[in-house]
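Before any comments, here is the structure.
The values are calculated or read from the model by the stated rules, or taken from the named source; none is laboratory data. Keep in mind that this is a model prediction, so the values were computed, not measured. As a convention, Cβ positions derive from the backbone with ideal geometry for all residues, glycine included, and neighbour counts pool all protein chains shown. Only protein heavy atoms, including side chains, enter the accessible area calculation; ligands, DNA and RNA are left aside. Shrake-Rupley method; radii C 1.70, N 1.55, O 1.52, S 1.80 Å.
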Amino acid sequence: MDFIFVEGLQVEASVGIYEREKRATQPLEINLTFGVPDAAAARDDIADTIDYDVVVDRIRAVLADRHFNLLETLGEFIVDLLFSEFGVPWVRVSIAKMGVMRGVRRVGVFIERGRDEPAPPRPHFQF
Ligand SMILES: Nc1nc2c(c(=O)[nH]1)N=C([C@H](O)[C@@H](O)CO)CN2
């Protein structure tokens, strides 16, 4: 398997649990790595691989369309999109907010998942 990476993708998205974050979009930085068939290199043809221009456009489009409370939910949404629309075999995505907490430069989530791997069970907390 070969891997495509997209580093430092800047997007505007509606994400967050606070009212002010529901009223206005904020900048996010996304880093994305996904598997592509290594056979693609043999014929030197974009039709044999996954066009990262299309992936980036699609992510921007879906983020323009809805609100997410949690970065975790947004991350899982991007993972599902890459599996269902692009058929990637493996993906790692990280999503960061910048400057939302005093004394913290970036805060965020990363998810690493293979398509045939079941999503990890959600932890069940009892207090
Ligand atoms: N585990 C998480 N904790 C928090 C999130 C989140 O998405 N996942 N989000 C927020 C707020 O939206 C915050 O980013 C704004 O300052 C707080 N905690």
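Taking the range 1-27, which residues are among the acidic types (Asp, Glu), surrounded by 10 or more Cβ atoms within 10 Å (Cβ to Cβ) and closer than 15 Å to Val100 by Cβ?
Residues satisfying the conditions are Glu12, Glu21.
Take the range 45-71 and flag every residue that is in a loop (DSSP other than H, G, I, E, B) and farther than 17 Å from Ala96 by Cβ.
Matches in the range 45-71: Asp45, Thr49, Ile50, Asp51, Ala64, Asp65, Arg66.
Would you pick out the residues in the range 17-37 that are within 11 Å of the ligand (Cβ to nearest atom), in contact (Cβ under 8 Å) with a residue 40 or more places away in the chain and not in a loop (DSSP other than H, G, I, E, B)?
Hits for the range 17-37 are Lys22, Gln26, Leu28.
The conditions are (1) within 16 Å of the ligand (Cβ to nearest atom); (2) modelled with pLDDT of 95 or more; (3) more than 10 Å from the chain's Cα centre (by Cα), and Arg122 fails exactly one of them. Which is it?
That leaves (2) as the condition not met.
Within the range 101-115, how many residues are in contact (Cβ under 8 Å) with a residue 40 or more places away in the chain and either farther than 29 Å from Phe3 by Cβ or part of a loop (DSSP other than H, G, I, E, B) (or both)?
Within the range 101-115, residues that are in contact (Cβ under 8 Å) with a residue 40 or more places away in the chain and either farther than 29 Å from Phe3 by Cβ or part of a loop (DSSP other than H, G, I, E, B) (or both) number 0.
Please indicate, with yes or no, whether at least one residue in the range 54-76 is under 28 Å from Asp2 (Cβ atoms), open to solvent by less than 90 Å² (accessible area, probe 1.4 Å) and touching a residue at least 60 places away in the same chain (Cβ under 8 Å).
Yes, the range 54-76 has at least one match.
With (1) closer than 19 Å to Glu12 by Cα; (2) loosely packed, with under 13 Cβ neighbours inside 10 Å as the list, and Ser84 as the residue in question, which single condition is left unmet?
(1)
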